[in-house]
Structure formats: structure tokens, C-alpha cells
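> Have a look at the structure that comes next, please.
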């Protein structure tokens with residue numbers, strides 16, 4: 001689904017991402033792990049076309065994004081770390097606005113159903129500025145999935161979520177992958193990653209240290225935290 005080949009990005013003399021290659025197959029939830037400043041968000045922004053890369057190639061669903069940049073808009077959904085909702089719009093208005101931007105025809109009934117599916121019943125007509133962080137993330141997820149993308153990219157999706165929110169996210173991502181989609185989620189919260197993901201990428205100082213199935217990590221390393229700390233040379 002997503003193939004990344006030899007990405008490199010530098011800011012002046014500082015190399016943020018170097019020779020980074022990995023893939024995210026269909027039907028998988030891949031956790032993109034690393035300490036703060038490891039290059040995770042920089043990588044996601046390059047994949048999404050929000051940041052120009054110095055070197056490397058990116059393919060989504062077999063298409064080179066340099067040749068077919070429209071594939072990013074058509075086939076990806078994205079939820080950033082800080083939910084960028086328009087605070088002067090209600091939840092209902094925001095979702096309707098995103099649908100109109102994407103030229104998706106949604107009846108008022110369909111908008112209501114989508115809001116209810118994402119746990120926002122009773123809050124549809126409140127301003128998004130009054131929503132909790134978890135509610136804002138649910139609204140952003142609802143918007144990101146409006147066009148049924150093949151690839152869903154999430155930056156720190158579990159940050160600020162309570163156990164109920166994490167369970168909702170886990171169930172939602174399983175539905176996405178059951179339908180043939182792929183998920184790439186960046187996080188530094190290892191317990192959440194171990195609970196939600198089935199594949200693991202570990203990055204440190206812009207370099208990929210590990211790409212494997214989560215079951216393999218658990219089989220050989222005991223748990224994800226021990227493997228992570230060992231790879232980045234921090235005592236567990």
C-alpha cells in the first residue's frame with residue numbers, strides 16, 4: 001500500500017531523516033515509534049506532500065507520488081497530533097464543510113449518522129472549540145475517513161485519550177484494515193502501540209532501526225518497551 005524508499009531530509013547542517021525505507025501493507029496497523037525528535041512527524045509530512053524531501057521516493061497504492069501527486073489527496077486520510085478543527089464551527093458544520101471541500105454529497109441524515117458513529121451524539125451542534133481533546137480527535141477521524149481512503153495516517157492518535165477513547169480508536173482502526181485499508185500511526189506511547197498495532201517501525205535519529213511484526217517482537221524480546229529501549233540504548 002505505502003512504500004517509502006531512501007528518504008532523506010535535512011535542515012541546514014542537521015539531518016532529520018536519513019536513508020529511510022519501509023512499507024505499510026494493506027490490512028495492517030503499523031506503529032511508527034521513536035523518541036521525540038526522532039524524525040517521525042517529518043517523515044509523515046513528507047509522505048503527505050506537506051514537506052519537500054531532499055532525496056527518496058514514495059509510492060502509494062503503486063503510484064509514484066511525484067508522477068501522480070493527486071493520489072495523496074485521493075487515497076490518504078490524515079489526523080495530525082493537534083486536531084485542526086475550525087473552532088467557530090459546530091461539529092455538524094465542520095463535517096459538512098469537509099464533505100463539501102471533497103465534493104462528497106452527504107445528506108443531513110448521513111452527517112448525523114456519521115457523527116453518532118464517532119461518539120458525538122448530543123454534541124453535534126456545539127462549537128468545536130468546546131470539545132475535549134478526545135472529541136476533537138473523533139471529529140477529525142470522522143472527517144479523515146469521509147472519502148474512504150486506502151491509507152490512514154495518524155500522528156500521536158492516542159495522546160490525551162482515556163481508556164474508552166483508546167478502545168474506540170482500536171475498534172475503528174480494525175474496521176479500516178478489515179476493509180482492506182492500511183494504517184500508519186506515529187506515537188511515542190509504547191503501551192498504546194502494543195495494544196493497537198500489529199506491525200512496528202522503530203526510528204531513532206532519523207534512521208530506521210527495526211521493521212517487523214509485533215508478534216515477532218513479543219516472541220523474541222518479551223515486550224515492546226524492552227525491545228525499544230534496547231535498540232535506542234536506554235536501559236529498560
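> Rounded, prolate or oblate for the stretch 152-209? Axes are the square roots of the Cα gyration tensor eigenvalues, ordered a ≥ b ≥ c, and the cut-off for rounded is a/c under 1.5.
It comes out oblate by the Cα gyration axes.
> Please compute the contact order of the stretch 86-130 in relative form: average sequence separation of alpha-carbon pairs under 8 Å and at least six residues apart, divided by the residue count, as a percent.
Values: 37 pairs, mean separation 28.8, N = 45.
Relative contact order for the stretch 86-130 comes out at 64 percent.
> Just want to confirm a number: the relative contact order over the chain, from Cα pairs under 8 angstrom separated by 6+ residues, in percent.
Here the relative contact order equals 28 percent.
> Rounded, prolate or oblate: which fits the stretch 121-169, taking a ≥ b ≥ c as square roots of the Cα gyration tensor eigenvalues, rounded meaning a/c under 1.5, else prolate when a/b beats b/c?
Verdict is oblate for the stretch 121-169.
> Hey, could you get me the Stokes-Einstein D for the chain, Kirkwood radius over alpha-carbon pairs, 10 °C and 1.306 mPa s, rounded to whole µm² s⁻¹?
On the way: Rh = 18.4 Å.
The Stokes-Einstein estimate is 86 µm²/s.
> Normalise the Cα radius of gyration of the stretch 21-107 by 2.2 N^0.38 Å (N = residues in it) and let me know the number.
Dividing the Cα Rg of the stretch 21-107 by 2.2 N^0.38 Å gives 1.30.
> Once Rh is set to the Kirkwood radius over Cα pairs, what Stokes-Einstein translational diffusion coefficient, in µm²/s, holds for the stretch 1-63 at a temperature of 37 °C and a viscosity of 0.692 mPa s?
270
> Calculated FRET efficiency, residue 225 and residue 23, Cβ-Cβ r, R0 22 Å, to nearest 0.05?
Calculated transfer efficiency: 0.35.
> Please give, to one decimal in nm, the separation of the simple spin-label points placed at residue 104 and residue 50, each 7 Å out from Cα toward the Cβ.
Each label point lies 7 Å from its Cα, and together they span 1.8 nm.
> Tell me, what is a quarter of the convex hull surface for the C-alpha atoms of the stretch 86-130, in nm² with one decimal?
Orientation-averaged projected area of the Cα hull: 2.9 nm².
FYI, it's all coordinate maths here, none of it is from the lab. Predicted model, so just to flag it, every value in this text is computed and none were measured. With ideal geometry, Cβ positions are generated from the backbone for all residues, glycine too; neighbour counts draw on all protein chains shown.
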